[in-house]
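Q: Would you mind keeping the following structure in view while I ask a few things?
The values are calculated or read from the model by the stated rules, or taken from the named source; none is laboratory data. The model shown is predicted, which means the values in this text are computed figures rather than measured ones. Cβ atoms come from the backbone with ideal geometry, glycine included; neighbour counts cover every protein chain shown. What goes into the accessible areas is simple: the full protein's heavy atoms, side chains included, and nothing from ligands, DNA or RNA. Shrake-Rupley method; radii C 1.70, N 1.55, O 1.52, S 1.80 Å.
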Amino acid sequence: MRSTSFSIPGIKKIIAIASGKGGVGKSTTTVNLALALASQNHRVGILDADIYGPNQPHMLGSTEKPVLRDNDHFEPVVRFGLQTMSMGYLVDSEDPMVWRGPMVVKALHQMLYFTAWDNLDYLLIDLPPGTGDVQLTLSQKTPLNAAIIVTTPQDVALLDARRGLVMFRKVNVPILGVIENMSVYHCEHCGHDAAIFGEGGAAKLCAEFDVPLLGKLPLALKIRAQADAGVPMVIAEPESDISQKYQEIARKIV
C-alpha cells in the first residue's frame with residue numbers, strides 16, 4: 001500500500017506517465033503533453049525518472065546544469081516554460097549509469113524531493129519501462145494522484161501495458177486513462193493510412209480495465225524529428241493537427 005497523507009512542497013498534482021514497455025514513445029508523449037498543459041495556462045513540470053537512459057534534456061534541447069540553492073535544493077531547469085529535472089542534466093550524456101537498484105531509487109528520491117519546484121499545478125513523471133524498483137517505490141512512497149498508460153496497438157506492447165495497469169491498481173493509484181501512440185501511419189505523399197502496429201488494441205485494453213481511452217496519436221515523422229531537434233511538436237507546430245491531438249488529451253487530463 002502507498003501513503004498519500006503527505007505532499008511535496010511546490011506541487012499540487014503528480015501524474016505518472018508509464019508504459020511497461022520501451023519504444024512506445026512515452027517520453028515524447030510526456031514532453032508534448034506537458035507543453036500542451038502549459039499552453040492551457042497551467043504551471044507544469046517534468047521529472048525524468050529514467051535514470052539509466054534520460055531523454056528529456058535532449059528532447060527539450062537543453063544541456064544546462066541545475067543550480068544548487070542553499071547547498072540543499074536544486075533549481076529546476078526551465079525550458080519552454082516547463083520546470084524540469086533529469087539525471088541527464090547532472091551527468092555527461094555519454095557516461096553509462098552503472099548503478100544497482102537501491103542507488104537508482106535514492107537518486108530518484110533526491111531529484112523529486114530536493115528540487116525547488118515552484119508552485120506547479122502538475123508534475124509529470126516520465127517513468128522508465130517495466131514494473132521494477134523505480135515504478136514500485138514511486139507508487140508506494142510518492143503522493144501520486146494518478147497514472148497514465150502509453151501503449152502502441154500491438155499485442156506485445158499491450159501485454160506490458162496491462163502489467164503496468166495491474167501494478168498501479170494494486171497500489172491504489174487511480175488510472176486516468178490510456179493513450180494509444182503510433183496508432184496509424186499517414187503517408188504524406190499518397191494520403192494512405194496504414195495501421196502498422198494493428199488496430200483497436202488500446203480500446204480493448206480500456207474496455208477490459210474500464211478506463212478511458214484519452215486519445216490516439218499517429219506514427220508521424222514530424223513528432224520524432226521535432227523531438228530529436230530539441231523543439232517538440234507542440235512548440236514547433238502548435239496549430240498542426242497532431243499538436244491539437246495533444247491539446248485535446250491535455251484537456252481530458254485536466
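Q: Among the residues of the range 27-47, count how many are open to solvent by less than 10 Å² (accessible area, probe 1.4 Å) and either of a type in the set (S, T, N, Q) or touching a Gly at 6+ places or on another chain (Cβ under 7 Å) (or both).
A: Looking only at that region, the number is 3.
Q: Take residue 194 and tell me if it is among the hydrophobic types (A, V, I, L, M, F, W, C) and touching a residue at least 40 places away in the same chain (Cβ under 8 Å).
A: no
Q: Right, something else. Any residue in the range 116-134 that is on the phi > 0 side of the Ramachandran plot sitting within a Cβ distance under 7 Å of a residue that is part of a loop (DSSP other than H, G, I, E, B) and at pLDDT 85 or above? List the pairs, counting only those 6 or more apart or interchain.
A: Pairs that qualify, where the first residue is on the phi > 0 side of the Ramachandran plot and the partner is part of a loop (DSSP other than H, G, I, E, B) and at pLDDT 85 or above, are 119/10; 119/43.
Q: Quick check on my filter: what residues within the range 135-151 are modelled with pLDDT of 90 or more and closer than 19 Å to residue 27 by Cβ?
A: Answer for the range 135-151, where residues must be modelled with pLDDT of 90 or more and closer than 19 Å to residue 27 by Cβ: 144, 146, 147, 148, 149, 150, 151.
Q: Quick check: is even one residue across the range 190-199 in contact with a Leu (Cβ under 8 Å, 6 or more places away or on another chain) and more than 25 Å from residue 134 (Cβ to Cβ)?
A: Among the residues of the range 190-199, at least one is in contact with a Leu (Cβ under 8 Å, 6 or more places away or on another chain) and more than 25 Å from residue 134 (Cβ to Cβ), which makes the answer yes.
Q: Ok, one more. Since residue 51 meets every condition but one in (1) open to solvent by 30 Å² or more (accessible area, probe 1.4 Å); (2) closer than 29 Å to residue 170 by Cα, which condition does it not meet?
A: Evaluating residue 51 over (1) open to solvent by 30 Å² or more (accessible area, probe 1.4 Å); (2) closer than 29 Å to residue 170 by Cα leaves (1) as the failure.
Q: Can you report the number of residues in the range 118-130 which are open to solvent by 10 Å² or more (accessible area, probe 1.4 Å) and either β-branched (Val, Ile, Thr) or more than 17 Å from the chain's Cα centre (by Cα) (or both)?
A: 2
Q: Starting from the range 103-115, keep only residues that are farther than 16 Å from residue 14 by Cβ, then list their pairs with residues that are part of a helix (DSSP H, G or I) and open to solvent by 10 Å² or more (accessible area, probe 1.4 Å) whose Cβ atoms are within a distance under 8 Å, requiring at least 6 positions of separation or different chains.
A: 104/133; 104/134; 105/133; 105/134; 105/137; 107/87
The rows are residues; the columns are (1) within 29 Å of residue 161 (Cβ to Cβ); (2) modelled with pLDDT of 95 or more; (3) exposed (fewer than 14 other Cβ atoms within 10 Å of the Cβ); (4) of a type in the set (Val, Ile, Thr).
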position	(1), (2), (3), (4)
25	yes, no, no, no
67	no, no, yes, yes
73	no, no, no, no
90	no, no, no, no
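Q: For the range 49-77, name all the residues that are free of Cβ contacts under 8 Å to residues at least 40 places away in the same chain and not in a loop (DSSP other than H, G, I, E, B).
A: 57, 68, 77
Q: Looking at this structure, is residue 133 open to solvent by 30 Å² or more (accessible area, probe 1.4 Å), in contact with a Lys or Arg (Cβ under 8 Å, 6 or more places away or on another chain) and among the charged types (D, E, K, R)?
A: For residue 133, the condition - open to solvent by 30 Å² or more (accessible area, probe 1.4 Å), in contact with a Lys or Arg (Cβ under 8 Å, 6 or more places away or on another chain) and among the charged types (D, E, K, R) - is not met.
Q: If you don't mind, another one. Kindly list, by first and then second residue, each pair from a residue in the range 231-252 that is farther than 20 Å from residue 150 by Cα and of a type in the set (S, T, N, Q) to a residue that is modelled with pLDDT under 95 and open to solvent by 70 Å² or more (accessible area, probe 1.4 Å), limited to pairs with Cβ atoms under 9 Å and residues at least 6 apart or on different chains.
A: Here the result reads 240/222, each pair linking the range 231-252 to a residue that is modelled with pLDDT under 95 and open to solvent by 70 Å² or more (accessible area, probe 1.4 Å).
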